[in-house]
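Colleague: Below you will find the structure I want to go over with you.
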Amino acid sequence: MNTSTRSARIHGSGNRTTWQRFSRALFNSFTVAALSVATCNTAVSADMNKTLYFGLEVPETGFDPAEYSDQYSNIIIAQMMEPMLTFDYLSRPARVVPQTAEAMPVVTDGGKTYTIRIRKGIYFADDPAFGGKKRELTAQDYLYSLQRLTDPTTKRPNAWLLRGKIVGLDEKLAASKKSGRFDPSTPVEGLKTLDRYTLQIKLIKPDYNLNYILAMTTTAALAQEVVDKYGKVDIGAHPVGTGPYQLEKWERGHRTVLVANPNYRGMVYEPPVDATGVDQTVMAELRGRKLPQIGRIDLRVMENGQAQWLGFLRGDTDIHYRVGPEYALQSAPGGKLKPQYLKRGIKAFRVLEPELTYNMFNMEDEVVGGYTPDKVALRRAFAMTYNTLKEAMVARSGQAMEASGPWGPGIVGYDPNFRNPLHAYNPARANAILDTYGYKDVDGDGYRERPDGKPLEITYLGTTAGGKRDLEELMEQAFKAIKIRLRTEKTSFPDQIQRKQNGKYQLTGAAWGADFPDVENFLQLLYGPNCREGNDACFKLKEYDDLYREISQMPDSPERQEKVMRMVRLVSAYAPWNFNVHRVRTHMEHSWATGFLTHPVDHVKFMYYDIDPAKREAYKKQQ
């Protein structure tokens, strides 16, 4: 089942409560239309007497776009730092538009050369690194930041975005890896500045997703002076960008406070003139408004779902991003808000996101990793006993659909008709497979040993985040069904990410939401050269890697899709991942909040939101 990524607003009328189906053209390609930019200054447009209260369900890890790739960190980074391009806020299908660029890139040389002109008069937020002077954004800042993503002397989870694509860059990386020194400020043939405001990118081969990549928060500009001042260790705590907000306060893992950036250029939003699918309600809320509108953003980490829900109902938060599935089911069964919530003026948005949750094995672990038939049998047996339907309907209160492959719904390359027989729930078959490949109870204690007779115990790396007990029980039931000892270890979400990247786990859970609307964004997570830099399973299979290189250089076509499906079947067969679910997300806002709309890949943009504090106070007095 595929549904529109434009969130259905849930009101009482019933005519907007159903999901619209995705089409194959869910995401359009690019447009040359730009956002309407005003000459207003944020100090004028942002009301410093307004504070938006917003909860995050999981702690952030840090604010260096080159170092951190989790969605919760990216939500905050995206308010402060700007890539050259961005996704238009309201257009559906999603489309790329200029942000700090004057216009969309000029593409020549058969799709291999991109020339981008940076708009003059854009300034970074003030910082001691600039010595008391205003620091203008230049093309050199993007040259520096893009190369910094690939630094081979530091772990870079997003290096895959550019590695193997830009003329001369791989040679520089190889030399730097050998010497242990890397200078991201020096140009290479494929990445250089033509003048102060013009950047040129030369590709080895055409890349049909490059504009999407240049719209990712990961490719935002940092100033070298800031990185030099704070160094590798501390730069993640000092985000300095050109965006509408800047960091005022950070209590790691608990609270982040953003304030309007006085140096931001300001804007008035209008969608591209030929945009389709624009939400007219939000358009009416935004028309003629100078952005940003709110002076202060107060983000609190609220890992407990009940605390999030009750806090929202009290009016402690203005927007409830990602309502817990049990509370979404309770408040809006069948996708329709109950009368008591409608009377409160609450508005709701429901969407099947282009994302995937999965369980992941460490393919370099001596017990669960490897490519021999016995190791493949062990992973497949788990896939056949982990009950994804029960996860979707019970653990997630019906707010999810089962997944069959390593992708998110609706993106280019996703096949909604694909069904994965190798991961179908079948405990009897799973036990037969383990028997066949020598996993037997040798000592009679009721648990299997390895084929060589050594003890067999698998450790699952979970998190301390609230609301995970149902999922842990599913994991326990799966291993009990195949008579394998399971040990669960819990850690914080940031530590879990670090341990995944360092290969310090056997089995763990993971989730991936689309950074851009193409299947390559998911398939790169299993590409061998990305081991420990996105590919945290460290899956390495030559046939898969060869196919990935081919599809990454092809436009959407039947020929490309055939290769994609071959890759999906290879992943299914070797089972480095167990595909779980695609989550249905429900978001809510109070009557005094306006401008909120979820985006399929560019999730949260506070600059478009507004609130009426007086209405909020009146509501809270009634509680």
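Colleague: Can you give me the number of residues within segment 374-394 that are out of contact with any Pro (no Cβ under 8 Å at 6 or more places or on another chain), in contact (Cβ under 8 Å) with a residue 40 or more places away in the chain and not acidic (Asp, Glu)?
Modeller: From segment 374-394, those out of contact with any Pro (no Cβ under 8 Å at 6 or more places or on another chain) are 375-378, 380-383, 386-394; that's our starting set.
If we keep only those that are in contact (Cβ under 8 Å) with a residue 40 or more places away in the chain as well, we get 376-378, 380-383, 386-388, 390-392, 394.
The next check asks that each one be not acidic (Asp, Glu); those that pass are 376-378, 380-383, 386-388, 390, 392, 394.
Residues in segment 374-394 being out of contact with any Pro (no Cβ under 8 Å at 6 or more places or on another chain), in contact (Cβ under 8 Å) with a residue 40 or more places away in the chain and not acidic (Asp, Glu): 13 in total.
Listed here are the residues, each with its yes/no results for (1) crowded, with 22+ Cβ neighbours inside 10 Å; (2) more than 19 Å from Leu210 (Cβ to Cβ); (3) not hydroxyl-bearing (Ser, Thr, Tyr).
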| residue | (1), (2), (3) |
| --- | --- |
| Leu56 | yes, yes, yes |
| Ala66 | yes, no, yes |
| Ile75 | no, yes, yes |
| Pro93 | no, no, yes |
| Val97 | yes, no, yes |
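Colleague: Residues in segment 407-448 that are touching a strand residue (DSSP E or B) at 6+ places or on another chain (Cβ under 8 Å) and within 27 Å of Met567 (Cα to Cα): how many?
Modeller: So the first thing to find is which residues in segment 407-448 are touching a strand residue (DSSP E or B) at 6+ places or on another chain (Cβ under 8 Å), and the list is 407-413, 420, 423, 439-443, 447.
Still in the running and within 27 Å of Met567 (Cα to Cα): 407-413, 420, 423.
Here the count works out to 9.
Colleague: On to the next question. Quick check on Gly453: is it of a type in the set (Gly, Ala, Ser), touching a residue at least 24 places away in the same chain (Cβ under 8 Å) and farther than 30 Å from Val519 by Cα?
Modeller: Values: of a type in the set (Gly, Ala, Ser): yes; touching a residue at least 24 places away in the same chain (Cβ under 8 Å): no; farther than 30 Å from Val519 by Cα: yes.
No; evaluated as a whole, the condition is false for this residue.
Colleague: Restricting attention to segment 336-395, report how many residues are outside any loop (DSSP other than H, G, I, E, B), small (Gly, Ala, Ser) and not assigned by TED's automatic domain parsing to the domain that holds Leu422. Step through it out loud before you land on a result.
Modeller: Of segment 336-395, the ones outside any loop (DSSP other than H, G, I, E, B) are 339-343, 347-352, 355-361, 373-385, 388-395.
Applying the additional criterion that residues be small (Gly, Ala, Ser) yields 348, 377, 381, 383, 392, 395.
Okay, now just the ones that are also not assigned by TED's automatic domain parsing to the domain that holds Leu422, so 348.
Residues flagged as outside any loop (DSSP other than H, G, I, E, B), small (Gly, Ala, Ser) and not assigned by TED's automatic domain parsing to the domain that holds Leu422 within segment 336-395 amount to 1.
Colleague: Which condition number in (1) of a type in the set (Lys, Arg); (2) touching a residue at least 60 places away in the same chain (Cβ under 8 Å); (3) out of contact with any helix residue (DSSP H, G or I) (no Cβ under 7 Å at 6 or more places or on another chain) is the one that Lys343 fails?
Modeller: (2)
Colleague: Turning to a different aspect of this structure: Which of the residues belonging to segment 109-118 are within 28 Å of the chain's Cα centre (by Cα) and either not assigned by TED's automatic domain parsing to the domain that holds Pro239 or not in a strand (DSSP E or B) (or both)? Full working, then the answer.
Modeller: Keep residues of segment 109-118 that are within 28 Å of the chain's Cα centre (by Cα), which gives 111-118.
Those that are within 28 Å of the chain's Cα centre (by Cα) and either not assigned by TED's automatic domain parsing to the domain that holds Pro239 or not in a strand (DSSP E or B) (or both): Gly111, Lys112.
Colleague: Suppose the filter is modelled with pLDDT of 95 or more and in a loop (DSSP other than H, G, I, E, B); does Gly121 pass it? Reasoning before the result, please.
Modeller: Working: modelled with pLDDT of 95 or more: yes; in a loop (DSSP other than H, G, I, E, B): yes.
Spelling it out, Gly121 is indeed modelled with pLDDT of 95 or more and in a loop (DSSP other than H, G, I, E, B).
Colleague: How about segment 271-315: which of its residues are assigned to a loop (DSSP other than H, G, I, E, B) and either over 26 Å from the mean Cα position of the chain (by Cα) or among the small types (Gly, Ala, Ser) (or both)? Don't jump to the end; show me each part of the working.
Modeller: Here is the first cut: in segment 271-315, the residues assigned to a loop (DSSP other than H, G, I, E, B) are 271-279, 287-289, 292-293, 302-304, 315.
Val273, Asp274, Ala275, Gly277, Arg287, Gly288, Arg289, Gly315 - these are the residues of segment 271-315 that are assigned to a loop (DSSP other than H, G, I, E, B) and either over 26 Å from the mean Cα position of the chain (by Cα) or among the small types (Gly, Ala, Ser) (or both).
Colleague: Here is a list: Leu203, Leu191, Leu214. Which entry is of a type outside the set (Val, Ile, Thr), without any contact (Cβ under 8 Å) to a residue 60 or more places away in the chain and either at positive phi or in contact with a strand residue (DSSP E or B) (Cβ under 8 Å, 6 or more places away or on another chain) (or both)?
Modeller: Leu191
Colleague: Working only within segment 607-617, note down all residues that are outside any loop (DSSP other than H, G, I, E, B) and over 18 Å from Thr217 (Cβ atoms).
Modeller: Looking only at segment 607-617, we keep the residues that are outside any loop (DSSP other than H, G, I, E, B), and these are 607-608, 610-611, 613-617.
Those that are outside any loop (DSSP other than H, G, I, E, B) and over 18 Å from Thr217 (Cβ atoms): Asp610, Ile611, Pro613, Ala614, Lys615, Arg616, Glu617.
Colleague: Out of contact with any Gly (no Cβ under 6 Å at 6 or more places or on another chain), surrounded by fewer than 17 Cβ atoms within 10 Å (Cβ to Cβ) and of a type in the set (Ser, Thr, Tyr): is that true of Ser557 in this structure? Show your work before the answer.
Modeller: On the way: out of contact with any Gly (no Cβ under 6 Å at 6 or more places or on another chain): yes; surrounded by fewer than 17 Cβ atoms within 10 Å (Cβ to Cβ): yes; of a type in the set (Ser, Thr, Tyr): yes.
Considered against the rule, which asks whether it is out of contact with any Gly (no Cβ under 6 Å at 6 or more places or on another chain), surrounded by fewer than 17 Cβ atoms within 10 Å (Cβ to Cβ) and of a type in the set (Ser, Thr, Tyr), Ser557 comes out as yes.
Colleague: Does segment 542-592 hold any residues that are under 30 Å from Gly111 (Cβ atoms) and among the basic types (Lys, Arg), and which are they? Lay out the reasoning, then the answer.
Modeller: Going through segment 542-592, the residues under 30 Å from Gly111 (Cβ atoms) turn out to be 542-571.
Once the filter is applied, which keeps residues that are under 30 Å from Gly111 (Cβ atoms) and among the basic types (Lys, Arg), segment 542-592 yields Lys542, Arg549, Arg560, Lys563, Arg566, Arg569.
Colleague: A further question on this structure: Any residue at all in segment 150-166 that is surrounded by fewer than 17 Cβ atoms within 10 Å (Cβ to Cβ), assigned by TED's automatic domain parsing to the domain that holds Gly62 and not in a loop (DSSP other than H, G, I, E, B)?
Modeller: No: segment 150-166 contains no residue that is surrounded by fewer than 17 Cβ atoms within 10 Å (Cβ to Cβ), assigned by TED's automatic domain parsing to the domain that holds Gly62 and not in a loop (DSSP other than H, G, I, E, B).
Colleague: In addition: Filter segment 197-224 for residues that are under 15 Å from Asp109 (Cβ atoms) and crowded, with 19+ Cβ neighbours inside 10 Å and give the result. Walk me through how you get there before you give the answer.
Modeller: Going through segment 197-224, the residues under 15 Å from Asp109 (Cβ atoms) turn out to be 200-208, 210.
Once the filter is applied, which keeps residues that are under 15 Å from Asp109 (Cβ atoms) and crowded, with 19+ Cβ neighbours inside 10 Å, segment 197-224 yields Gln200, Ile201, Lys202, Leu203, Asp207, Leu210.
Colleague: Could I ask something else about it? Might you let me know whether segment 297-309 holds any residue that is closer than 28 Å to Ile122 by Cβ and not acidic (Asp, Glu)? Please lay out each step first, then the result.
Modeller: Keep residues of segment 297-309 that are closer than 28 Å to Ile122 by Cβ, which gives 297-299.
Narrowing further to those that are not acidic (Asp, Glu): 297, 299.
Checked against the condition, which is being closer than 28 Å to Ile122 by Cβ and not acidic (Asp, Glu), segment 297-309 yields at least one hit.
Colleague: Cβ contacts < 6 Å: first residue surrounded by 17 or more Cβ atoms within 10 Å (Cβ to Cβ), restricted to segment 294-317; second residue in a loop (DSSP other than H, G, I, E, B) and of a type in the set (Val, Ile, Thr), any location; separation 6+ or different chain. Result?
Modeller: Every condition considered, the pairs that remain are Gly311/Thr317.
Per-residue answers, yes or no, for (1) under 20 Å from the mean Cα position of the chain (by Cα); (2) farther than 21 Å from Asn359 by Cα; (3) assigned by TED's automatic domain parsing to the domain that holds Asn74:
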site: Val519; (1), (2), (3): yes, no, no
site: Phe539; (1), (2), (3): no, no, no
site: Leu547; (1), (2), (3): no, yes, no
site: Pro555; (1), (2), (3): no, yes, no
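Colleague: Checking the conditions here, which among Leu137, Leu146 is closer than 23 Å to Tyr208 by Cα and in the same structural domain as Val233 (by TED's automatic domain parsing)? Before you say what the answer is, go through the steps one by one.
Modeller: Numbers: Leu137 fails: closer than 23 Å to Tyr208 by Cα.
Only one candidate passes the filter, namely Leu146.
Colleague: In segment 150-166, is there at least one residue being small (Gly, Ala, Ser) and under 24 Å from Val259 (Cα atoms)? Full working, then the answer.
Modeller: Initial filter on segment 150-166 (small (Gly, Ala, Ser)): 159, 164.
Keeping just the survivors that are under 24 Å from Val259 (Cα atoms) gives none.
No, every residue in segment 150-166 fails to be small (Gly, Ala, Ser) and under 24 Å from Val259 (Cα atoms).
Colleague: Looking only at segment 121-130, decide whether some residue is touching a Leu at 6+ places or on another chain (Cβ under 8 Å), surrounded by fewer than 22 Cβ atoms within 10 Å (Cβ to Cβ) and either in contact (Cβ under 8 Å) with a residue 12 or more places away in the chain or not basic (Lys, Arg) (or both). Give the steps one after another, and end with the answer.
Modeller: So in segment 121-130, the residues touching a Leu at 6+ places or on another chain (Cβ under 8 Å) come out as 122-124.
Narrowing further to those that are surrounded by fewer than 22 Cβ atoms within 10 Å (Cβ to Cβ): 122-123.
Narrowing the set further to residues that are either in contact (Cβ under 8 Å) with a residue 12 or more places away in the chain or not basic (Lys, Arg) (or both) leaves 122-123.
Looking for residues that are touching a Leu at 6+ places or on another chain (Cβ under 8 Å), surrounded by fewer than 22 Cβ atoms within 10 Å (Cβ to Cβ) and either in contact (Cβ under 8 Å) with a residue 12 or more places away in the chain or not basic (Lys, Arg) (or both), one finds at least one in segment 121-130, hence yes.
Colleague: Working carefully through the options Leu422, Leu461, Leu486, find the one that is in a helix (DSSP H, G or I) and in contact (Cβ under 8 Å) with a residue 24 or more places away in the chain. Talk me through it step by step, then tell me what you get.
Modeller: On the way: Leu461 fails: in a helix (DSSP H, G or I); Leu486 fails: in a helix (DSSP H, G or I).
Criteria check complete, one pass: Leu422.
The values are calculated or read from the model by the stated rules, or taken from the named source; none is laboratory data. Bear in mind that the values here come from a model prediction, so they are computed numbers and not experimental data. Cβ atoms come from the backbone with ideal geometry, glycine included; neighbour counts cover every protein chain shown.
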